[in-house]
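K.L.:
Mind looking over this structure? Questions follow.
The values are calculated or read from the model by the stated rules, or taken from the named source; none is laboratory data. Note that the structure is predicted; figures quoted are calculated from it, not measured. When we count neighbours, we look across all protein chains shown, and the Cβ atoms used for this are built from the backbone with ideal geometry, even at glycine. Ligands, DNA and RNA are stripped out before the accessible areas are found, and what is left, the full protein with its side chains, is counted by its heavy atoms. Shrake-Rupley method; radii C 1.70, N 1.55, O 1.52, S 1.80 Å.
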Amino acid sequence: MTTQNLLTLEGVHTHIGAYHILHGVDLAVPKGQLTMLLGRNGAGKTTTLRTIMGLWHASQGRVRFGDKDITAMHTPQIAELGIAYVPENMGIFSDLTVKENMLLAARGAKNAAQIDDTRLKWIFRLFPAVEKFWNHPAGKLSGGQKQMLAVSRAIVEPRELLLIDEPSKGLAPVMINNMIDAFGELKRSGVTILLVEQNINFAQRLGDNVAVMDNGRVVHSGSMAAFSADAQLQQSLLGLAL
Ligand SMILES: Nc1ncnc2c1ncn2[C@@H]1O[C@H](COP(=O)(O)OP(=O)(O)OP(=O)(O)O)[C@@H](O)[C@H]1O
Ligand SMILES: [Mg+2]
(Lines give C-alpha, C1' and ligand atoms only; values in the text may rest on other atoms or scores of the structure.)
(Ligands and ions follow the chains in the order given, each with its own letter.)
Protein backbone atom coordinates (compact mmCIF):
# COMPACT_ATOMS: atom_id res chain seq x y z
CA MET A 1 0.00 0.00 0.00
CA THR A 2 1.40 3.39 -0.93
CA THR A 3 0.91 6.47 1.19
CA GLN A 4 -1.30 9.10 -0.32
CA ASN A 5 0.02 12.63 -0.49
CA LEU A 6 -2.40 15.25 0.79
CA LEU A 7 -0.30 18.15 -0.46
CA THR A 8 2.19 18.32 -3.31
CA LEU A 9 4.31 21.13 -4.70
CA GLU A 10 5.84 20.63 -8.11
CA GLY A 11 8.52 22.98 -9.40
CA VAL A 12 7.17 25.95 -7.46
CA HIS A 13 8.79 29.33 -8.10
CA THR A 14 7.78 32.36 -6.06
CA HIS A 15 8.74 35.96 -6.65
CA ILE A 16 8.30 38.63 -4.00
CA GLY A 17 8.34 41.90 -5.87
CA ALA A 18 11.56 41.91 -7.87
CA TYR A 19 13.09 39.09 -5.81
CA HIS A 20 13.09 35.50 -7.00
CA ILE A 21 12.77 33.58 -3.71
CA LEU A 22 11.65 30.01 -4.48
CA HIS A 23 13.50 28.27 -7.31
CA GLY A 24 11.47 25.16 -8.07
CA VAL A 25 10.28 23.65 -4.79
CA ASP A 26 9.26 19.99 -4.96
CA LEU A 27 7.56 18.79 -1.80
CA ALA A 28 5.15 16.00 -0.89
CA VAL A 29 3.24 15.87 2.38
CA PRO A 30 1.80 12.41 3.08
CA LYS A 31 -1.72 12.29 4.48
CA GLY A 32 -2.03 11.74 8.23
CA GLN A 33 1.68 12.27 8.86
CA LEU A 34 3.84 15.02 10.26
CA THR A 35 6.39 16.43 7.85
CA MET A 36 9.16 18.66 9.13
CA LEU A 37 10.41 21.46 6.93
CA LEU A 38 13.96 22.31 7.95
CA GLY A 39 16.64 24.60 6.61
CA ARG A 40 18.94 27.46 7.42
CA ASN A 41 17.69 31.02 7.99
CA GLY A 42 16.52 32.51 4.72
CA ALA A 43 16.24 29.12 2.97
CA GLY A 44 12.61 29.81 1.95
CA LYS A 45 10.57 27.88 4.55
CA THR A 46 8.17 30.69 5.45
CA THR A 47 7.84 31.68 1.78
CA THR A 48 6.87 28.07 1.00
CA LEU A 49 4.11 28.06 3.64
CA ARG A 50 2.86 31.45 2.45
CA THR A 51 2.81 30.23 -1.15
CA ILE A 52 0.78 27.14 -0.18
CA MET A 53 -1.66 29.41 1.65
CA GLY A 54 -2.01 31.76 -1.34
CA LEU A 55 -0.46 34.72 0.50
CA TRP A 56 2.17 34.75 -2.24
CA HIS A 57 1.38 33.25 -5.62
CA ALA A 58 3.62 30.83 -7.44
CA SER A 59 4.91 32.36 -10.66
CA GLN A 60 5.59 28.87 -12.01
CA GLY A 61 4.81 25.32 -10.90
CA ARG A 62 1.83 23.69 -9.20
CA VAL A 63 0.43 23.37 -5.68
CA ARG A 64 -2.06 20.53 -5.24
CA PHE A 65 -4.25 19.77 -2.22
CA GLY A 66 -5.78 16.33 -2.58
CA ASP A 67 -6.98 16.27 -6.18
CA LYS A 68 -7.45 20.07 -6.35
CA ASP A 69 -5.09 22.50 -8.01
CA ILE A 70 -4.90 25.39 -5.53
CA THR A 71 -2.00 27.26 -7.19
CA ALA A 72 -4.04 30.27 -8.24
CA MET A 73 -6.66 30.20 -5.48
CA HIS A 74 -7.07 33.03 -3.01
CA THR A 75 -6.33 32.57 0.69
CA PRO A 76 -9.96 32.48 1.92
CA GLN A 77 -10.80 29.76 -0.62
CA ILE A 78 -7.74 27.77 0.44
CA ALA A 79 -8.70 28.09 4.12
CA GLU A 80 -12.21 26.97 3.21
CA LEU A 81 -10.80 23.73 1.80
CA GLY A 82 -9.48 22.84 5.27
CA ILE A 83 -5.97 24.27 5.45
CA ALA A 84 -4.97 26.37 8.47
CA TYR A 85 -1.81 28.44 8.80
CA VAL A 86 -0.12 29.45 12.05
CA PRO A 87 2.37 32.16 11.04
CA GLU A 88 5.63 32.89 12.81
CA ASN A 89 4.17 36.03 14.37
CA MET A 90 1.11 33.94 15.37
CA GLY A 91 -1.54 36.46 14.27
CA ILE A 92 -2.94 36.92 17.77
CA PHE A 93 -4.89 40.03 18.79
CA SER A 94 -3.25 41.21 22.01
CA ASP A 95 -6.07 43.51 23.14
CA LEU A 96 -8.71 40.83 22.80
CA THR A 97 -9.24 38.06 25.32
CA VAL A 98 -8.20 34.49 24.64
CA LYS A 99 -11.88 33.66 24.19
CA GLU A 100 -12.39 36.48 21.67
CA ASN A 101 -9.32 35.33 19.75
CA MET A 102 -10.79 31.83 19.60
CA LEU A 103 -14.21 33.15 18.50
CA LEU A 104 -12.64 35.06 15.62
CA ALA A 105 -11.04 31.85 14.44
CA ALA A 106 -14.31 29.90 14.61
CA ARG A 107 -16.04 31.05 11.46
CA GLY A 108 -19.56 30.01 12.35
CA ALA A 109 -19.60 30.90 16.06
CA LYS A 110 -21.02 34.19 17.34
CA ASN A 111 -20.42 33.30 20.98
CA ALA A 112 -18.45 30.73 22.93
CA ALA A 113 -21.52 28.51 23.34
CA GLN A 114 -21.49 27.99 19.58
CA ILE A 115 -17.97 26.63 19.50
CA ASP A 116 -18.27 22.86 19.38
CA ASP A 117 -18.13 21.82 23.02
CA THR A 118 -16.34 18.51 22.57
CA ARG A 119 -13.76 20.20 20.41
CA LEU A 120 -13.22 23.01 22.91
CA LYS A 121 -12.74 20.51 25.76
CA TRP A 122 -10.24 18.66 23.60
CA ILE A 123 -8.33 21.91 22.97
CA PHE A 124 -8.39 22.76 26.69
CA ARG A 125 -6.91 19.35 27.39
CA LEU A 126 -4.19 19.83 24.76
CA PHE A 127 -3.43 23.38 25.87
CA PRO A 128 -4.53 24.02 29.48
CA ALA A 129 -3.27 27.63 29.31
CA VAL A 130 -6.04 28.46 26.84
CA GLU A 131 -8.67 27.50 29.42
CA LYS A 132 -6.79 29.09 32.30
CA PHE A 133 -6.53 32.49 30.59
CA TRP A 134 -9.87 32.28 28.74
CA ASN A 135 -11.06 35.72 29.89
CA HIS A 136 -7.66 37.42 29.97
CA PRO A 137 -6.22 39.67 27.24
CA ALA A 138 -4.08 37.54 24.95
CA GLY A 139 -1.32 40.15 25.18
CA LYS A 140 -0.73 39.05 28.78
CA LEU A 141 0.19 35.48 27.81
CA SER A 142 3.81 34.36 27.75
CA GLY A 143 5.46 33.62 24.40
CA GLY A 144 4.82 29.90 24.81
CA GLN A 145 1.21 30.39 25.85
CA LYS A 146 0.67 32.60 22.80
CA GLN A 147 2.04 29.80 20.61
CA MET A 148 -0.46 27.42 22.23
CA LEU A 149 -3.28 29.91 21.58
CA ALA A 150 -2.18 30.32 17.97
CA VAL A 151 -2.30 26.56 17.40
CA SER A 152 -5.65 26.34 19.26
CA ARG A 153 -7.10 28.95 16.91
CA ALA A 154 -5.99 26.89 13.95
CA ILE A 155 -7.81 23.79 15.22
CA VAL A 156 -10.97 25.38 16.62
CA GLU A 157 -12.68 23.99 13.54
CA PRO A 158 -11.79 20.63 11.99
CA ARG A 159 -8.89 20.97 9.54
CA GLU A 160 -7.27 18.53 7.23
CA LEU A 161 -3.88 20.23 6.99
CA LEU A 162 -2.02 22.48 9.42
CA LEU A 163 0.89 24.65 8.30
CA ILE A 164 2.83 25.77 11.35
CA ASP A 165 5.85 28.09 11.34
CA GLU A 166 8.39 27.59 14.14
CA PRO A 167 6.10 26.90 17.10
CA SER A 168 9.03 26.16 19.41
CA LYS A 169 10.73 29.51 18.84
CA GLY A 170 11.87 31.00 22.14
CA LEU A 171 10.20 28.29 24.24
CA ALA A 172 11.62 26.86 27.44
CA PRO A 173 12.34 23.10 27.32
CA VAL A 174 9.31 22.24 29.47
CA MET A 175 7.07 24.17 27.06
CA ILE A 176 8.67 22.41 24.12
CA ASN A 177 7.81 19.08 25.74
CA ASN A 178 4.18 20.16 26.17
CA MET A 179 4.12 21.26 22.56
CA ILE A 180 5.54 17.92 21.37
CA ASP A 181 2.87 16.05 23.35
CA ALA A 182 0.12 18.24 21.91
CA PHE A 183 1.32 17.83 18.32
CA GLY A 184 1.64 14.09 18.87
CA GLU A 185 -1.99 13.98 19.94
CA LEU A 186 -3.07 16.20 17.04
CA LYS A 187 -1.38 13.80 14.67
CA ARG A 188 -3.12 10.82 16.25
CA SER A 189 -6.43 12.63 15.65
CA GLY A 190 -5.72 12.26 11.94
CA VAL A 191 -4.62 15.80 11.04
CA THR A 192 -1.81 16.16 8.49
CA ILE A 193 0.87 18.62 9.61
CA LEU A 194 3.64 20.51 7.81
CA LEU A 195 5.81 22.09 10.46
CA VAL A 196 8.75 24.46 10.07
CA GLU A 197 11.34 23.91 12.74
CA GLN A 198 14.86 25.03 13.67
CA ASN A 199 15.10 22.90 16.79
CA ILE A 200 16.52 19.63 15.49
CA ASN A 201 15.70 17.79 18.70
CA PHE A 202 12.05 18.84 18.49
CA ALA A 203 12.03 17.88 14.80
CA GLN A 204 13.47 14.43 15.41
CA ARG A 205 11.08 13.59 18.21
CA LEU A 206 7.98 14.51 16.26
CA GLY A 207 8.60 14.17 12.54
CA ASP A 208 7.59 11.21 10.39
CA ASN A 209 9.20 12.78 7.33
CA VAL A 210 11.63 15.56 6.66
CA ALA A 211 12.25 18.00 3.85
CA VAL A 212 15.30 20.24 3.99
CA MET A 213 15.39 23.52 2.08
CA ASP A 214 18.35 25.53 0.89
CA ASN A 215 18.39 28.54 -1.44
CA GLY A 216 14.72 28.29 -2.34
CA ARG A 217 14.68 24.56 -3.12
CA VAL A 218 14.08 21.29 -1.31
CA VAL A 219 17.50 19.67 -1.31
CA HIS A 220 16.67 16.54 0.69
CA SER A 221 13.51 14.65 1.57
CA GLY A 222 12.86 11.32 3.20
CA SER A 223 11.98 9.65 6.47
CA MET A 224 12.91 11.39 9.71
CA ALA A 225 14.30 8.12 11.08
CA ALA A 226 16.88 7.90 8.29
CA PHE A 227 17.75 11.60 8.59
CA SER A 228 18.14 11.31 12.38
CA ALA A 229 20.53 8.43 11.99
CA ASP A 230 22.75 10.29 9.52
CA ALA A 231 24.78 12.89 11.39
CA GLN A 232 26.89 13.61 8.33
CA LEU A 233 23.85 14.45 6.24
CA GLN A 234 22.54 16.74 8.98
CA GLN A 235 25.92 18.42 9.16
CA SER A 236 26.08 19.01 5.42
CA LEU A 237 22.49 20.23 5.07
CA LEU A 238 22.03 22.22 8.23
CA GLY A 239 25.57 22.93 9.32
CA LEU A 240 25.01 21.32 12.68
CA ALA A 241 28.01 20.68 14.85
CA LEU A 242 28.70 16.99 15.23
N1 LIG B 1 8.73 40.42 1.89
C2 LIG B 1 9.92 40.10 1.38
N3 LIG B 1 10.56 40.90 0.50
C4 LIG B 1 11.76 40.57 -0.01
N5 LIG B 1 12.44 39.46 0.31
C6 LIG B 1 11.86 38.62 1.18
C7 LIG B 1 10.59 38.89 1.77
N8 LIG B 1 10.28 37.87 2.61
C9 LIG B 1 11.32 37.02 2.55
N10 LIG B 1 12.27 37.45 1.70
C11 LIG B 1 13.54 36.79 1.38
O12 LIG B 1 13.28 35.49 0.94
C13 LIG B 1 14.25 34.57 1.42
C14 LIG B 1 13.55 33.44 2.12
O15 LIG B 1 12.89 33.95 3.27
P16 LIG B 1 12.00 33.05 4.21
O17 LIG B 1 11.37 33.95 5.21
O18 LIG B 1 11.12 32.22 3.38
O19 LIG B 1 13.11 32.12 4.88
P20 LIG B 1 13.00 31.11 6.10
O21 LIG B 1 13.56 29.81 5.63
O22 LIG B 1 11.62 31.10 6.65
O23 LIG B 1 14.04 31.74 7.14
P24 LIG B 1 13.99 31.82 8.76
O25 LIG B 1 14.50 30.50 9.24
O26 LIG B 1 14.95 32.91 9.08
O27 LIG B 1 12.59 32.12 9.18
C28 LIG B 1 15.18 35.38 2.32
O29 LIG B 1 16.33 35.67 1.58
C30 LIG B 1 14.40 36.62 2.62
O31 LIG B 1 15.25 37.71 2.78
MG1 LIG C 1 10.79 31.70 8.44
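K.L.:
At 0.36 nm per residue, minus the direct Cα-Cα distance, what do K31 and A172 gain on full extension? Give it in nm, one decimal, please.
P.N.:
47.7 nm
K.L.:
Taking 0.36 nm per residue of sequence separation and subtracting the Cα-Cα distance, how much length would be gained by fully extending the chain between H15 and Q232, in nm to one decimal?
P.N.:
74.9 nm
K.L.:
While we're here: Under 5 Å between amide H atoms, partner at least 5 residues away or on a different chain: which partners does L6 have, H built in plane at 1.01 Å?
P.N.:
V29, K31
K.L.:
Hey, in the GNM for the chain with a 10 angstrom Cα cutoff, which one of I16, I52, I92 fluctuates hardest?
P.N.:
I16
K.L.:
Further question on the same structure: Out of residues 5 or more away from V219 or on other chains, whose amide H comes under 5 Å of its own, with H placed 1.01 Å from N in the peptide plane?
P.N.:
Residues meeting the criterion, in which the H sits 1.01 Å from N, are V212, M213, D214.
K.L.:
With a Förster radius of 22 Å, plug the Cβ-Cβ distance of R188 and L81 into 1/(1 + (r/R0)^6) and report the FRET value to the nearest 0.05. It would help to have the intermediate numbers written out before the result.
P.N.:
On the way: r = 23 Å, r/R0 = 1.03.
Efficiency, rounded to the nearest 0.05: 0.45.
K.L.:
Using only protein heavy atoms and a 1.4 Å probe, report how much of D181 is accessible, in Å² to the nearest 10.
P.N.:
Counting only protein heavy atoms, D181 exposes about 100 Å² to solvent.
K.L.:
While we're here: Rounded to the nearest 5, what % of the DSSP beta bridges within the chain are antiparallel ones?
P.N.:
Values: 24 of 42 bridges.
Close to 55 percent.
K.L.:
Which net charge results when you count Lys and Arg as +1 and Asp and Glu as -1 among the other residues whose beta-carbon is under 10 Å from that of Q33?
P.N.:
Numbers: positive: K31, K187; negative: D208.
Summing Lys and Arg as +1 and Asp and Glu as -1 gives +1.
K.L.:
Can you give the charge dipole size of region 93-156 about its Cα centre, rounded to the nearest 20 debye, using +1 on the beta carbon of Lys and Arg and -1 on the beta carbon of Asp and Glu?
P.N.:
Computed charge dipole of region 93-156: roughly 80 debye.
K.L.:
Where is the GNM fluctuation largest for the chain (alpha-carbon springs, 10 angstrom cutoff): L171, L38, L49?
P.N.:
Among L171, L38, L49, the largest GNM mean-square fluctuation belongs to L171.
K.L.:
Find out how many positive minus negative residues lie around A182, taking Lys and Arg as positive, Asp and Glu as negative, among other residues whose Cβ is under 13 Å from that of A182.
P.N.:
Every neighbour counted, the sum reads +2.
K.L.:
In whole percent, what relative contact order does region 93-156 give with Cα contacts below 8 Å and a gap of six or more residues? Present the calculation step by step, with values, prior to reporting the outcome.
P.N.:
Numbers: 67 pairs, mean separation 31.2, N = 64.
Across region 93-156, relative contact order equals 49 percent.
K.L.:
Could you work out [θ]222 nm for the chain from helices alone, using -39500 (n - 2.57) per DSSP H run of at least four and dividing by all its residues? Round to the nearest 500 deg cm²/dmol.
P.N.:
Rounded to the nearest 500, the figure is -10000 deg cm²/dmol.
K.L.:
What percent do you get for the relative contact order of the chain when only Cα pairs under 8 Å and 6+ apart count?
P.N.:
It comes to 26 percent, rounded to a whole number.
K.L.:
If you add up the charges near V63, with Lys and Arg at +1 and Asp and Glu at -1, over every other residue whose beta carbon is less than 15 angstrom from its beta carbon, what do you get?
P.N.:
-1
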